[in-house]
Amino acid sequence: MGGLGIVAGGGVLPRRIAESGSAAGRPVFIVAFEGHTDPATVEGFGHVWLKLGQTDAALRALHAAGCVDVVMAGPMRRPTLSSLSLDRRSVTALAKAGTRVFGDDGLLSLIVEEIERDGFRVVGVEDLLGGYLAYEGTLAGGPLGAADERDVVRGIAALRAIGAADIGQAVAVQEGLVLAVEAIEGTDAMIARAGLLRRPGAGPVLVKGSKPGQEGRADRPTVGAGTVVAAAAAGFRGIAIEAGATLVVDRAATVRAVEQAGLFLVARSFSDPT
């Protein structure tokens, strides 16, 4: 089966993958990034701490650890290119990529290409953790009313527009008004901002999904109990995610959080929002 390398961002997902791989008898090695990866992620596992932009060092460490498969998991705060400690390989790759590097998906696709060029097989989170991809239907709460359905449809349309420009994976909609779109700040910060902008009446709906043509092995949209808590605190009334594309972390805890907050959580096909 060979060793499993984890290029780890923040959150609990990289640790979940490491524990699952180890339980399956696979050697696990983690590439952690200063200021991004939670220190608890690497406890008990072989690892190396690097800065973003140290591509050659990361690949050499994965080879030395005997990794065959590599998975990218967990969010990272996107820095400016000028703030990175770019090694020669990173500079060369960025120069070849051109304008692709300005969007999140373009940059992540470039990273996948570099990993594969070194002979590794890049796998998705769903290949390693069964049951994390959302199935279509109502996951918790509901049923949705006509106004809820209209806001979900409106959110999907808005998400397609910003996704086509490689901007973000989430929007907040209230009675047809797009209160906020996710950009570089991340979903939780966008939720908090939308909460400050919401109008009287039923709260907004969070709609989250993938961008057109997104490299799913590098960046799946993700929700969890923390997303639900943030949405409830900001006065949201529900969450709609893309079925077959969005990861639900700790599904049981997420469902409990939805039910306790009195929200709804639905997964829909975004290819045909009607």
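A few notes on this one:
- Of all residues in segment 36-51 being surrounded by fewer than 23 Cβ atoms within 10 Å (Cβ to Cβ) and closer than 21 Å to Pro221 by Cα, the one that is farthest from the chain's Cα centre (by Cα): Asp38
- Search result, residues across segment 159-183 that are of a type in the set (A, V, I, L, M, F, W, C), crowded, with 16+ Cβ neighbours inside 10 Å and not in a loop (DSSP other than H, G, I, E, B): Leu159, Ile162, Ala170, Val171, Ala172, Val173, Val178, Leu179, Ala180, Val181
- Considering (1) open to solvent by 50 Å² or more (accessible area, probe 1.4 Å); (2) more than 14 Å from the chain's Cα centre (by Cα), the lone condition that Gly142 does not fulfil carries the number (1).
- Any chance Glu175 is modelled with pLDDT under 90 and more than 17 Å from Ser269 (Cα to Cα): no
- Every pair of residues 6+ apart whose Cβ atoms lie under 6 Å, when the first sits in segment 1-24 and is over 24 Å from Asp56 (Cβ atoms) while the second is modelled with pLDDT under 95 and open to solvent by less than 10 Å² (accessible area, probe 1.4 Å): Leu13/Ala73
- Of all residues in segment 121-139, those satisfying the criterion of being of a type in the set (A, V, I, L, M, F, W, C) and open to solvent by less than 40 Å² (accessible area, probe 1.4 Å) are Val122, Val123, Val125, Leu129, Ala134, Leu139.
- When Met190 is tested against (1) open to solvent by less than 40 Å² (accessible area, probe 1.4 Å); (2) of a type in the set (A, V, I, L, M); (3) farther than 15 Å from Ala232 by Cα, just one condition goes unmet, and that condition is (3).
- The set of residues from segment 128-158 being assigned to a helix (DSSP H, G or I) and of a type outside the set (A, V, I, L, M, F, W, C) comprises Asp148, Glu149, Arg150, Asp151, Arg154, Gly155.
- Exclusive hit being open to solvent by less than 30 Å² (accessible area, probe 1.4 Å) and under 20 Å from the mean Cα position of the chain (by Cα), set Pro221, Pro204: Pro221
- When segment 93-120 is filtered for residues that are assigned to a loop (DSSP other than H, G, I, E, B) and either at pLDDT 80 or above or open to solvent by 60 Å² or more (accessible area, probe 1.4 Å) (or both), the ones remaining, listed by number, are Asp118, Gly119, Phe120.
Let's see how each residue does on (1) within 19 Å of Ala267 (Cβ to Cβ); (2) out of contact with any Leu (no Cβ under 9 Å at 6 or more places or on another chain):
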{"site": "Leu110", "(1), (2)": "no, no"}
{"site": "Glu116", "(1), (2)": "no, yes"}
{"site": "Glu126", "(1), (2)": "yes, no"}
{"site": "Gly130", "(1), (2)": "yes, yes"}
{"site": "Gly141", "(1), (2)": "yes, no"}
{"site": "Leu144", "(1), (2)": "yes, yes"}
{"site": "Glu149", "(1), (2)": "yes, yes"}
{"site": "Arg154", "(1), (2)": "yes, no"}
{"site": "Ala161", "(1), (2)": "no, yes"}
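- Taking first residues from segment 165-194 that are hydroxyl-bearing (Ser, Thr, Tyr) and partners that are open to solvent by 10 Å² or more (accessible area, probe 1.4 Å) and assigned to a helix (DSSP H, G or I), the Cβ contacts under 9 Å between residues at least 6 apart in sequence or on separate chains come to Thr187/Thr227; Thr187/Ala230.
- Inter-residue pairs, beta-carbon under 9 Å, first among the hydroxyl-bearing types (Ser, Thr, Tyr) and in segment 223-246, second outside any strand (DSSP E or B) and open to solvent by less than 10 Å² (accessible area, probe 1.4 Å), 6+ apart: Thr227/Ile191; Thr227/Thr254; Thr246/Ala134; Thr246/Gly209; Thr246/Pro221
- The residue of segment 66-92 that is modelled with the lowest pLDDT, among those that are of a type outside the set (D, E, K, R), over 23 Å from Pro221 (Cα atoms) and in contact with a Gly (Cβ under 7 Å, 6 or more places away or on another chain), is Leu84.
The values are calculated or read from the model by the stated rules, or taken from the named source; none is laboratory data. These numbers come from a predicted model, not from an experiment. Glycine also receives a Cβ, built like all others from the backbone with ideal geometry; neighbour counts cover every protein chain displayed. For the accessible areas, the whole protein counts, side chains as well, though only heavy atoms, and no ligand, DNA or RNA atoms are used. Shrake-Rupley method; radii C 1.70, N 1.55, O 1.52, S 1.80 Å.
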